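Read through the structure below, which is laid out as structure tokens, and then see the notes.
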Amino acid sequence: MNVFSTIRLGILTLLLASCTKAEESSQEIPSENFRNEVAATEVRTATAERKSFDYLINAIGKLEAQSEVKALVEREGYLEKVQVQEGQYVQKGQLIATLDRREAEFALEKAKIAVIKAQTELDVLKTQFHLALESADSAVAKKVQSRIRVDSGLSLAEVELKEAELNLSRCEVRAPISGKIANIKFRQGSLVTKNAEFAEILSTDRLLLRVNVLESDIPLISSNQRAEVYPISDSQNAIEGRVSAINPQVDENGLVQVSITLNSVKNLLPGMNARAIIRAPQSNSLVVPKDAVVYRSGRAVVFTVENGKESKWNYVEVGKDNGQEIEILDGIPENSTVITTNNLQLAHQAPVQLVKE
């Protein structure tokens, strides 16, 4: 064997040895060792508790006055004076407008004169029928009395007097209820027709919020149930209210109208938008913080802590939630330690480190 052959043989030997070492080093690292080398994810936890919690039913609607009554003009005529302005509070029966009274006053004077004339005629007839009026038979005397009242024209005159007084009173428009004036339709000097609407009276000392609720939530609502109302004008401060009425009919959209009476009307006006939260207490439910639930491929997942050091992936069935807590119907046992932070990208059996509060 010459020198060159010897050199080639040595080189081949070295190459074979290096390939063998490379194959040994490329063998797969055990998964257990790999998990141990991955840094633990810091997480915060909570306990899955069985307890009562409030399911919140949210709905939006408009505030309404508890009573909204139209003040009508009861006879035609020219509006002589408007004595109120929009937004003014009035008492029931308070004068709010007057029509031109002259024609009605003339009619009243004529009616009074007709009564006087009829009374004179009645006195004449009494003289003529004094014997019948003094009859011992009371039935006869009463019948004669009625007859001469009609013949004298007094009965008709008295009816026409009452009618004239009523027509005069109709020249005044009065508030049918106590409340605030809204939507005045006519100005001073306007010619108005009989039964025309002059204005609306809103009973603003009590306000209602009417909201539409899903029919599936109606079994959770009952009369006098507590609610919180947040006006759009002051969405940070809640006004307490109570459910006062539930419409017994479901509309074509599967909604039911619920009325809520507010306990306070400070700085509120009818027509304002507001949001209602009706609290429906649920008892003996397994509950976790809402942040404990994540969704993978459209399914709800809760990660629990196993052996105090690694995560466990649990598919769960969720129920109602109130924005902070959520009901767990199936998937994890009571008193489980659930992960509430850094769980969006967490994997099954990933190492975790519990963060102390």
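The values are calculated or read from the model by the stated rules, or taken from the named source; none is laboratory data. Fair warning: this is a prediction, and the values are worked out from it, not measured in the lab. Don't worry about glycine lacking a Cβ; one is built from the backbone with ideal geometry, like all the others, and counts go over all protein chains shown. All accessible areas refer to the heavy atoms of the entire protein, side chains included, with ligands and DNA or RNA removed. Shrake-Rupley method; radii C 1.70, N 1.55, O 1.52, S 1.80 Å.
In table form, for the structure just shown:
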item	result
Given (1) surrounded by fewer than 19 Cβ atoms within 10 Å (Cβ to Cβ); (2) farther than 30 Å from ASN335 by Cα, number of the condition ARG279 does not satisfy	(2)
Unique match (being among the hydroxyl-bearing types (Ser, Thr, Tyr) and open to solvent by 50 Å² or more (accessible area, probe 1.4 Å)) among SER146, SER178, SER152	SER146
Residues located in region 217-246, provided they are under 17 Å from GLU64 (Cα atoms), under 13 Å from the mean Cα position of the chain (by Cα) and among the polar types (S, T, N, Q)	SER244
Total residues in region 247-260, condition over 11 Å from the mean Cα position of the chain (by Cα) and open to solvent by 60 Å² or more (accessible area, probe 1.4 Å)	6
PHE186 in contact with a Leu (Cβ under 8 Å, 6 or more places away or on another chain) and part of a strand (DSSP E or B)	no
Top-ranked residue in region 302-357 [being within 29 Å of ASN58 (Cα to Cα) and of a type in the set (Gly, Ala, Ser); ranked as modelled with the highest pLDDT]	GLY331
Qualifying positions in region 97-143 - open to solvent by 80 Å² or more (accessible area, probe 1.4 Å) and within 30 Å of GLU197 (Cβ to Cβ)	ARG102, GLU103, PHE106
Exclusive hit being in contact with a strand residue (DSSP E or B) (Cβ under 9 Å, 6 or more places away or on another chain) and within 30 Å of LEU207 (Cα to Cα), set ILE339, ILE326, ILE277	ILE277
Residue ID - nearest to the chain's Cα centre (by Cα), chosen from residues in region 60-86 that are within 30 Å of ILE277 (Cβ to Cβ) and in a loop (DSSP other than H, G, I, E, B)	GLN66
Subset of region 223-239 that is touching a residue at least 24 places away in the same chain (Cβ under 8 Å) and exposed (fewer than 13 other Cβ atoms within 10 Å of the Cβ) - its residue that is nearest to GLN257 (Cα to Cα)	ILE232
Criterion violated by ALA48 - all others in (1) modelled with pLDDT of 90 or more; (2) within 30 Å of PHE186 (Cβ to Cβ) satisfied	(2)
Count of residues meeting criterion [touching an Asp or Glu at 6+ places or on another chain (Cβ under 8 Å) and either in a loop (DSSP other than H, G, I, E, B) or of a type in the set (Phe, Trp, Tyr) (or both)] in region 325-342	6
Any pair with Cβ under 9 angstrom, 6 or more apart, that starts in region 39-56 at a residue that is within 10 Å of VAL352 (Cβ to Cβ) and ends at one that is in a strand (DSSP E or B) and of a type in the set (D, E, K, R)	ALA40/GLU310
Strands (runs of 3 or more DSSP E) fully within region 195-259 counting 2 or more residues that are β-branched (Val, Ile, Thr)	207-214, 239-246
Lone unmet requirement of (1) open to solvent by 30 Å² or more (accessible area, probe 1.4 Å); (2) within 30 Å of PRO281 (Cα to Cα) for ARG187	(2)
Selected residue (criterion: nearest to LEU56 (Cα to Cα)) from residues of region 285-301 that are without any contact (Cβ under 8 Å) to a residue 40 or more places away in the chain and either assigned to a strand (DSSP E or B) or open to solvent by 80 Å² or more (accessible area, probe 1.4 Å) (or both)	LYS290
Of all residues making up region 317-357, the number that are open to solvent by 20 Å² or more (accessible area, probe 1.4 Å) and among the β-branched types (Val, Ile, Thr)	5
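Okay, residues lined up against (1) closer than 30 Å to SER235 by Cβ; (2) within 27 Å of the chain's Cα centre (by Cα); (3) not small (Gly, Ala, Ser):
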site: ALA276; (1), (2), (3): yes, yes, no
site: GLN282; (1), (2), (3): yes, yes, yes
site: LEU286; (1), (2), (3): no, no, yes
site: LYS290; (1), (2), (3): yes, yes, yes
site: GLY298; (1), (2), (3): no, no, no
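Residues are listed down the side, and each one gets a yes or a no for (1) of a type in the set (Asp, Glu); (2) out of contact with any Pro (no Cβ under 8 Å at 6 or more places or on another chain); (3) modelled with pLDDT under 95:
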| residue | (1), (2), (3) |
| --- | --- |
| VAL69 | no, no, yes |
| GLU76 | yes, yes, yes |
| LEU122 | no, yes, yes |
| SER135 | no, yes, yes |
